[in-house]
1. Please go through region 143-156 and pick out each residue that is part of a loop (DSSP other than H, G, I, E, B), surrounded by 23 or more Cβ atoms within 10 Å (Cβ to Cβ) and under 18 Å from the mean Cα position of the chain (by Cα).
2. So, in region 1-39, of the ones that are open to solvent by 40 Å² or more (accessible area, probe 1.4 Å) and not in a helix (DSSP H, G or I), which residue ends up modelled with the highest pLDDT?
3. Among the residues of region 403-417 satisfying the criterion of being assigned to a strand (DSSP E or B) and open to solvent by 20 Å² or more (accessible area, probe 1.4 Å), which is farthest from residue 495 (Cα to Cα)?
4. Which one is modelled with the highest pLDDT, of the residues in region 333-352 that are surrounded by 18 or more Cβ atoms within 10 Å (Cβ to Cβ) and within 24 Å of residue 219 (Cβ to Cβ)?
5. For region 501-510, which residues satisfy the criterion of being at pLDDT 90 or above and either on the phi > 0 side of the Ramachandran plot or part of a loop (DSSP other than H, G, I, E, B) (or both)?
6. Can you find even one residue in region 259-280 that is of a type in the set (Val, Ile, Thr) and modelled with pLDDT of 80 or more?
7. Could you look through region 443-467, keep only residues that are over 23 Å from residue 405 (Cβ atoms) and crowded, with 20+ Cβ neighbours inside 10 Å, and pick out the one that is modelled with the lowest pLDDT?
8. Considering every residue within region 78-92, establish whether at least one is at pLDDT below 85, surrounded by 18 or more Cβ atoms within 10 Å (Cβ to Cβ) and in contact with a helix residue (DSSP H, G or I) (Cβ under 7 Å, 6 or more places away or on another chain).
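The values are calculated or read from the model by the stated rules, or taken from the named source; none is laboratory data. For clarity, every value in this text was computed on a predicted model and none was experimentally measured. Virtual Cβ from ideal backbone geometry, glycine too; neighbours counted across all protein chains shown. Protein only, heavy atoms only, side chains kept; ligands, DNA and RNA dropped before computing areas. Shrake-Rupley method; radii C 1.70, N 1.55, O 1.52, S 1.80 Å.
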Amino acid sequence: LSMAESQLKAFADEHAKCSLTWRPGIVPRVPPGLETAWLGASGRQRERLDRFFAKLLRGERVTLYFLGESVTRGSGADHTCLTCPPRPGVAPPAVDVHRWIDRRVVGGFDDSCAPPAEQDSYKRCSRTEGVNDCPANTTVCFPRNSWRCLMIHWLENAFPGQIEFRISAKPLLFMASCFARSLANIDLIVHEYAVNGGGRMLCLQERILRAALLGAKQPAVLMLLWMPKHYRPPPPVTIMVQVQDGLRSLGLHYGLPTLSMIEAFKGQCAANETWCYTRDLSLGGKGFLHADMYHPNRDGHAYFAAHIIELLERTLTEAIAGRAAETDLSQPLLSSLPKPLHELNRGLDNSAEGGKNLCLGVDEMESLADVNRGWNQVTEVTKAGVKRLPALQTDVAASTIEWTLDVRGVIWLIVTYMQSYAGFAAADVQCVSGCSCALHAHQASADVDGVSAEDAGMLSADGHNIINATHPKSRTSEPQWRILDLSGQTANCKVRITTRSEGKFKLMLLSLIRVGNVAEGSTSTRDAQQALMCFGVHDSEGSRGHGMIKTGERLRWDNFGLDETYDYTKDH
């Protein structure tokens with residue numbers, strides 16, 4: 001036998017019976033016949049995932065990149081060990097579960113397949129806000145009952161010591177310009193954006209996917225579509241329908257294995273109770289799969305993970321049967337992609353697919369600065385030991401930083417910064433020489449910051465572009481962006497940012513956006529208008545875009561109030 005065949009045989013002999021059939025936490029096995037929730041998960045469309053498992057079966061380490069927002073972070077889940085033996089004097093956790101994941105009903109695995117508790121790191125410690133009794137340098141995923149951690153737990157049990165993972169919850173605009181540069185060592189990208197605001201920006205979603213598929217290591221990509229409780233087919237114009245349909249179309253267009261939880265939920269409902277999960281009372285007042293209107297609860301995360309692990313087990317089982325030994329990892333996959341679904345992305349591919357010098361991350365902003373007075377790179381850590389996104393930060397007024405940028409052919413400079421509800425500073429962005437810049441018309445007032453610049457005593461005028469990083473109606477701290485129109489572009493445009501008030505200001509990213517024919521250094525009006533829509537900017541009368549509308553409307557939009565007031569009634 002060849003080395004690859006020997007490794008496969010050894011894995012099959014030792015692990016096939018248990019490692020693949022075992023499920024972590026309260027995750028069940030998917031009943032036969034319900035695997036159809038996966039679209040595009042067979043044939044050539046799954047070739048990248050085959051290569052991912054071929055590496056694991058050869059004993060190599062792999063890195064997963066989870067790309068999403070609140071559902072990916074684990075909203076609705078917890079870190080309780082639901083399957084641990086109770087500690088002395090501590091009541092065992094409640095394990096009553098929804099009937100769709102009840103192993104007594106849907107089937108489980110042989111108890112002998114469960115890893116011994118002393119060998120299972122997820123049963124040796126707990127970690128919550130302010131409390132951490134995990135061993136030093138532990139890599140236990142948090143919160144353990146989230147779908148993401150359940151997926152990682154399953155992989156770590158099958159391939160001990162071979163799994164690394166990263167998670168990003170950055171808004172799409174924040175990632176789109178630089179995402180390709182983050183993929184140097186990524187083997188599998190798990191994309192979940194079907195609930196929060198990012199899902200509405202399908203143009204930027206496509207840019208992210210194209211960058212992923214053209215990554216240097218040609219990573220596998222899984223598209224996951226969780227379904228909010230209030231998703232309903234009628235009428236077909238709701239935001240949720242548009243997001244789900246748009247992402248599903250992108251997944252199919254690029255041949256991605258795409259998990260449609262709409263199909264998974266529909267398959268469980270009886271013929272006379274279609275969309276049964278939308279009615280809490282239909283489940284007898286308990287056992288719901290949602291923690292709120294949008295996020296899965298503990299049981300919902302387990303149900304989501306069950307379908308994800310089902311595909312992984314199915315793929316790995318086929319690999320063990322002989323396919324992986326035949327996979328030649330030295331041969332690259334075809335690098336060509338179908339034309340973008342969103343036409344304007346054809347003019348933006350240079351930045352979406354790894355173009356150079358089109359974005360300055362934190363490291364570049366610091367190292368390439370011509371002048372830096374008072375700005376330092378900072379990575380804050382929460383009480384639970386979780387690292388926040390790195391930033392170039394200052395805490396005092398009049399801190400200044402300058403760069404000389406080549407902006408030929410660039411029509412926008414986008415400044416991404418951290419916004420919070422209190423205590424953050426205001427900054428002035430200026431194009432000092434070599435070009436001129438002004439905040440886009442839809443961002444020149446309180447549309448983003450929620451506070452009138454005039455009321456704050458700071459007015460954007462005469463080349464001064466004020467960004468107020470305090471938004472009193474914001475509930476959390478999160479990255480935000482401001483778009484500046486450029487004119488008179490040259491190869492030596494000097495850009496300066498100066499804080500105008502006391503408080504913290506955190507710079508996350510500078511993005512240079514080119515549209516149209518870069519070689520000619522010009523852009524048609526039509527190209528520019530279309531590209532604005534890709535970034536959530538709408539110039540037409542009465543239209544709305546994420547981050548481009550008045551505060552009250554934006555908050556209602558982001559909380560999905562529009563679903564009830566504009567697009568459907570509660571009678572649906």
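1. First, pick out the residues of region 143-156 that are part of a loop (DSSP other than H, G, I, E, B): 143-146.
Narrowing the set further to residues that are surrounded by 23 or more Cβ atoms within 10 Å (Cβ to Cβ) leaves 144-146.
Listed by number, the list holds a single entry, 146.
2. Keep residues of region 1-39 that are open to solvent by 40 Å² or more (accessible area, probe 1.4 Å), which gives 1-3, 5-7, 9-10, 13-15, 17, 29, 32-33, 35-36.
Then keep just the ones that are not in a helix (DSSP H, G or I); that gives 1-2, 17, 29, 32-33.
Numbers: 1: 43, 2: 53, 17: 65, 29: 90, 32: 73, 33: 70.
The residue in question is 29.
3. Just the residues of region 403-417 that are assigned to a strand (DSSP E or B), to begin with: 403-405, 410-417.
This time we only want the ones that are open to solvent by 20 Å² or more (accessible area, probe 1.4 Å), so: 404, 411.
Details: 404: 6, 411: 14 Å.
Across region 403-417, the extreme among qualifying residues is 411.
4. First pass over region 333-352, keeping only residues surrounded by 18 or more Cβ atoms within 10 Å (Cβ to Cβ): 340, 342, 344-345, 347-348, 351-352.
Adding the requirement that they be within 24 Å of residue 219 (Cβ to Cβ) leaves 340, 342, 345, 348, 351-352.
Working: 340: 82, 342: 73, 345: 68, 348: 51, 351: 42, 352: 38.
By that ranking, first place goes to 340.
5. Initially, region 501-510 is screened for residues at pLDDT 90 or above, giving 503-507.
If the condition is that a residue be at pLDDT 90 or above and either on the phi > 0 side of the Ramachandran plot or part of a loop (DSSP other than H, G, I, E, B) (or both), then 503 is the only one that fits.
6. From region 259-280, those of a type in the set (Val, Ile, Thr) are 262, 274, 278; that's our starting set.
Checking the rest, the ones that are also modelled with pLDDT of 80 or more come to 262.
Yes, that holds for at least one residue.
7. Among those that are over 23 Å from residue 405 (Cβ atoms) and crowded, with 20+ Cβ neighbours inside 10 Å, it is 447.
8. The answer is yes, given that some residue of region 78-92 is at pLDDT below 85, surrounded by 18 or more Cβ atoms within 10 Å (Cβ to Cβ) and in contact with a helix residue (DSSP H, G or I) (Cβ under 7 Å, 6 or more places away or on another chain).
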